[in-house]
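The values are calculated or read from the model by the stated rules, or taken from the named source; none is laboratory data. The shown structure was predicted, so the numbers you read here are calculated from the model rather than taken from an experiment. Glycine also receives a Cβ, built like all others from the backbone with ideal geometry; neighbour counts cover every protein chain displayed.
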Amino acid sequence: MDITSEVRMKVLTMKKFTLKTQIEIARECKISQSAVSKLLKLERTTGGLRVRRIGNCGRKRLTTNRDDRLLIKMSKLNPKKTSDELQRDIAAHDIKLSTRSVRRRLCKAGRKARRPLQKSLLTTVMKKRRLVWAKEHRQWSIEDWCQVSGSDLCLIIPIVTGL
């Protein structure tokens, strides 16, 4: 019950000092009749209107701790798997979980989120070719680079060097 303490006291006072019914009290306090009933029952059983609710509020979790451990284990076995892939893997164990929930569980366990690569990395052949090209062109002068079509070096060099 998310009812302010003022409304709680008003309900209790009206019930003790008037002959109004729960429905009339509910209309006057602008809350439901069931809320009035629960407040009065709480006052009868505990002697006060204090909210004892501390935790475990909100929606119940879809997974158990065991399910979460399984998900983390899957993530550790192949750390490059995306949340979509992990979600499909855990669905094979009859655990229905959204990809967003998979990411939340992994983040809570300290596992970083992974995204698939957008481009391939340089291969060893590519690296060797680049190194050969760089060694061939190491001795080129500014004039040689100015001959390269599309090179802006001829425009930039005089500004940088102060020529």
Checklist entry - From the residues in the stretch 95-137 that are hydroxyl-bearing (Ser, Thr, Tyr) and outside any helix (DSSP H, G or I), which one is surrounded by the fewest Cβ atoms within 10 Å (Cβ to Cβ)? => result Ser120
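Yes/no per residue for (1) part of a loop (DSSP other than H, G, I, E, B); (2) surrounded by fewer than 17 Cβ atoms within 10 Å (Cβ to Cβ); (3) not hydroxyl-bearing (Ser, Thr, Tyr):
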position: Arg59; (1), (2), (3): yes, yes, yes
position: Leu62; (1), (2), (3): yes, yes, yes
position: Ser75; (1), (2), (3): no, no, no
position: Leu86; (1), (2), (3): no, no, yes
position: Asp89; (1), (2), (3): no, no, yes
position: His93; (1), (2), (3): yes, yes, yes
Item to check | Where Ile3 falls short, out of the listed (1) part of a helix (DSSP H, G or I); (2) of a type in the set (Val, Ile, Thr); (3) in contact (Cβ under 8 Å) with a residue 24 or more places away in the chain | outcome: (1)
Next on the checklist: Quick check on Arg53: is it assigned to a loop (DSSP other than H, G, I, E, B), among the charged types (D, E, K, R) and modelled with pLDDT under 90?
Outcome noted: yes
Item to check | Any chance Gly48 is on the phi < 0 side of the Ramachandran plot, out of contact with any helix residue (DSSP H, G or I) (no Cβ under 9 Å at 6 or more places or on another chain), in a loop (DSSP other than H, G, I, E, B) and modelled with pLDDT under 90 | outcome: no
